[in-house]
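The values are calculated or read from the model by the stated rules, or taken from the named source; none is laboratory data. Nothing here was measured: the structure is a model prediction, and the numbers come from that model. Because the Cβ atoms are built from the backbone with ideal geometry, glycine has one as well, and the counts that use them run over all protein chains shown. With ligands, DNA and RNA removed, areas are computed over all heavy atoms of the protein, side chains included. Shrake-Rupley method; radii C 1.70, N 1.55, O 1.52, S 1.80 Å.
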Amino acid sequence: MNVMQVNYGATGTSTAVDALGMRDMQARAYAKRRERYLLLKAPPASGKSRALMYLALDKLERQGLRKVIVAVPERTIGGSFAPVRLTESGFFADWTPDLRYNLCTPGADAGKVARFVEFMESEARILICTHATLRFAFEKLATEAFSGCLLGIDEFHHVSADRESSRLGALLHDVMRETDAHVLAMTGSYFRGDNVPILLPEDEARFSRVVYTYYDQLNGYRHLKSLGIGYHFYQGRYLDALPEVLDTDRKTILHIPHVNSGESTKEKYDEVGHILDIMGTVEGEDPENGLLYVRRRADGRVLKVADLVNDEAAHRNRLVAYLRKVKQKDELDIIIALGMAKEGFDWPWCEHALTVGYRGSLTEIIQIIGRATRDCPGKTHAQFTNLVAAPAAKDEEVTLAVNNMLKAVTASLLMEQVLTPEFKFRARAESEDERRPGTIHIRGFKEPGTGRVRDIVENDLADLKARIMQDDMVRKLIAHPDADPRIVNKVLVPKIIAERYPGLTEEEREEVRQAVVTDCAIRSGEIREEKDSVSGQSREFIKMGEKFVNVNDLDINLIDGINPFRGAFEIMSKQLTAPVLRLIRDAIAETRITLGLQEAVLLWESVLAFNKARGREPDPNAEDANEATLGQALVLIRREKRRRARHG
């Protein structure tokens with residue numbers, strides 16, 4: 001069952017090329033080729049690796065840089081930077097890296113580090129390596145050695161501002177501080193699963209940005225017309241539920257759960273064997289490429305299956321080499337993977353990304369979905385399915401299972417936000433009656449008043465939403481049936497904004513808060529157009545919470561009173577039994593929010609509304625998390641009132 005399905009226009013704009021051979025996203029990046037620090041945020045399959053080639057060649061040939069270093073998270077992604085004859089499409093130079101300095105090849109790190117040092121002392125100009133090789137080589141070289149270089153870091157979300165845990169982040173900080181090097185940072189998702197900032201605020205402020213949205217990319221394809229995101233909940237073993245969601249007629253990447261996760265049986269090879277048995281009968285392994293041939297029971301068709309869970313070196317190397325060369329649809333049917341086939345992996349014919357268990361972060365979910373959203377002839381629909389364990393009363397770790405379910409819910413919410421078209425919001429003047437296409441006018445809305453806020457609203461909203469949705473308290477409250485939306489919208493969201501953007505003034509924080517809350521509410525709503533039976537004029541309505549509201553009647557107070565995320569949880573709850581829903585609610589009810597006075601004041605109207613509706617004050621010790629929060633707010637306000645009375 002799909003939580004969401006988005007239909008696209010198949011306009012062809014994101015895959016069309018200009019006179020230099022560049023796609024739309026690449027041309028946008030190339031327009032900023034003179035920037036010293038450039039952050040390129042674009043989805044999988046948008047052509048980020050080719051964009052780097054264009055930028056790097058311009059910096060080498062026309063801007064005086066002497067070397068280009070491309071760093072990728074794993075060896076398989078290095079193939080994206082193989083030689084390309086760009087001149088055949090109109091560019092002024094070809095991408096011709098020296099094969100000796102392609103370090104994304106089998107072999108020990110020590111030898112690769114030695115060759116990296118050799119490259120820095122040679123006349124060669126382009127090197128390709130993994131993040132790990134770059135880190136190890138940095139320890140062998142003086143920081144100044146990187147002067148005059150372009151440092152291109154792919155999958156930039158692997159960087160962390162925490163110098164103790166991220167040597168890559170420390171390396172980047174030192175290079176920016178001590179050298180004249182240029183930096184090109186590329187990522188499909190500029191956020192991490194652990195909520196640690198990617199860059200220090202002072203470093204991040206030095207980057208110019210090119211943002212190409214998922215909607216821009218998918219709506220501009222030629223063939224892909226829809227994307228579905230669905231969840232299937234099971235109890236017991238995932239292997240027993242797998243036949244219900246594994247369709248061997250569809251080109252599929254199946255990611256089995258991490259060995260240390262609750263969904264895993266702890267025997268990954270046995271799991272692969274069971275999955276193969278579900279498909280049919282294994283008839284053998286190709287000795288040249290490592291493919292498994294599985295005869296399907298239903299019709300005798302032979303499936304070509306790649307087992308990337310098998311990490312025996314010789315097998316893995318043969319198979320990876322084969323996957324890099326797949327050029328035809330019938331050369332591969334199914335991939336079974338654990339930690340591989342996510343970032344940078346290109347199999348255009350993949351129709352279905354089937355993932356067992358909640359993965360490590362929202363970033364990982366986005367990367368996995370990106371494996372199925374390549375555009376190719378004959379593929380009109382892409383599907384992501386998450387097979388998630390539902391809690392059972394007998395489970396010892398009910399809370400963990402509930403948390404994983406809530407993570408799955410919020411992952412779908414984020415996808416709903418980033419895969420749909422953008423709206424622009426403006427404050428409504430009393431004289432304005434109609435809205436422009438793509439623009440919604442809202443009474444009381446605070447438009448961005450500074451360049452910093454405009455930059456956040458235009459470039460960072462998806463990342464800010466990810467940070468909000470990764471907050472444990474937010475996850476629980478958006479799924480709580482009785483939670484006051486203002487607790488999320490006016491208490492938790494401002495806290496997160498203050499943590500992410502510590503330099504903003506109170507007025508700027510409120511402008512950002514209104515922008516992100518409004519964007520979430522409108523994008524998750526449903527807009528309908530109806531004709532007035534009397535006047536014949538068309539009117540637009542948007543579903544906000546449980547009712548439809550005339551678009552012309554929108555105001556910020558109405559939006560603040562709506563939980564924009566309830567829809568996804570309600571859809572998924574249809575799969576769950578009443579006892580499971582009770583378990584989830586009980587686990588959520590154990591949540592308590594620690595408030596400060598400022599947050600308590602924001603909830604005062606909700607306290608009064610509770611008192612009026614229930615005929616009593618909210619109890620700070622109530623089992624219901626929402627009532628307990630309002631009760632805590634009341635206690636804080638009364639305490640402050642007594643303090644002020646004592647001090648005059």
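By definition, a body whose alpha carbon gyration tensor gives a ≥ b ≥ c is oblate when a/c is 1.5 or more and a/b is not larger than b/c, and the stretch 258-322 fits this oblate description. Distance cut-off 27 Å, Cα to Cα: go down the list K225/K251; K490/K543; K251/K543; K32/K67; K325/K379 and report the pairs above it. Violating the 27 Å limit, Cα to Cα: K251/K543. How far, in degrees from 0 to 90, does helix 578-589 lean away from the longest principal axis of the Cα atoms of the chain, to the nearest 10? In the chain, helix 578-589 runs at an angle near 80 degrees to the longest axis. Here the Karplus curve 6.51 cos²θ - 1.76 cosθ + 1.60, taken at θ = phi - 60°, turns the phi angles of the stretch 510-523 into couplings of 5, 5, 5, 4, 4, 5, 6, 5, 5, 4, 4, 5, 6, 5 Hz, with x standing for Gly and Pro.
Under 5 Å between amide hydrogens, built in the peptide plane, is the criterion, and for I198 it picks out A161 among residues at least 5 positions away or on other chains.
When ligands, DNA and RNA are left out and all protein chains stay put, how many square angstrom of accessible area per residue does the chain have with a 1.4 Å probe?
43 Å²
Any idea what diffusion coefficient the stretch 468-517 gets from Stokes-Einstein, in µm²/s, Kirkwood Rh on alpha carbon pairs, 37 °C, 0.692 mPa s? Rounded to a whole number, D works out at 293 µm²/s. In this Cβ point-charge picture (+1 for Lys and Arg, -1 for Asp and Glu), the stretch 1-144 has a dipole of about 280 debye about its Cα centre.
Of the solvent-accessible surface of the stretch 584-648, computed with a 1.4 Å probe over protein heavy atoms with every protein chain present, carbon and sulfur atoms account for 49 percent. Helix 109-121 and the long axis of the chain differ in direction by around 80°, with both axes built from C-alpha atoms. When the accessible area of the stretch 249-395 is computed with all protein chains present and a 1.4 Å probe, what percentage of it is carbon and sulfur? That fraction is 49 percent. On full extension, the segment bounded by E123 and R539 gains 143.1 nm, given 0.36 nm per residue less the C-alpha separation. Taken one residue at a time, the phi angles of the stretch 136-151 give Karplus couplings (6.51, -1.76, 1.60, θ = phi - 60°) of 5, 5, 4, 6, 8, 10, 6, 4, 4, 4, 8, 4, x, 10, 9, 9 Hz. Gly and Pro are set to x. Relative protection proxy for 276-289, 448-461, from highest mean packing down: 448-461, 276-289 (other beta-carbon atoms within 10 angstrom). Near the amide H of R426, within less than 5 Å, lie the amide hydrogens of I440, H441, I442, all on another chain or at least 5 residues away, with H placed in the peptide plane. A helix-only calculation puts the chain at -11000 deg cm²/dmol for mean residue ellipticity at 222 nm, using -39500 (n - 2.57) for each DSSP H run of at least four residues, averaged over all residues.
Based on Cα contacts under 8 Å between residues 6+ apart, the chain shows a relative contact order of 12 percent.
T505 contributes an accessible area of around 70 Å² to the protein surface, as traced by a 1.4 Å probe with all chains present.
Among beta bridges identified by DSSP and lying wholly in the chain, the antiparallel ones come to about 30 percent. What whole-number distance in Å separates the alpha-carbon centres of the stretch 487-514 and the stretch 601-648? Their Cα centres are 22 Å away from one another.
Short-range pairs are left out: with C-alpha atoms under 8 Å and at least six residues apart, the relative contact order of the stretch 179-306 is 10 percent. Against the main long axis of the alpha-carbon atoms of the chain, helix 625-646 sits at an angle near 60°.
Within the accessible area of the stretch 62-162, the carbon and sulfur atoms contribute 48%, probe 1.4 Å, all protein chains present.
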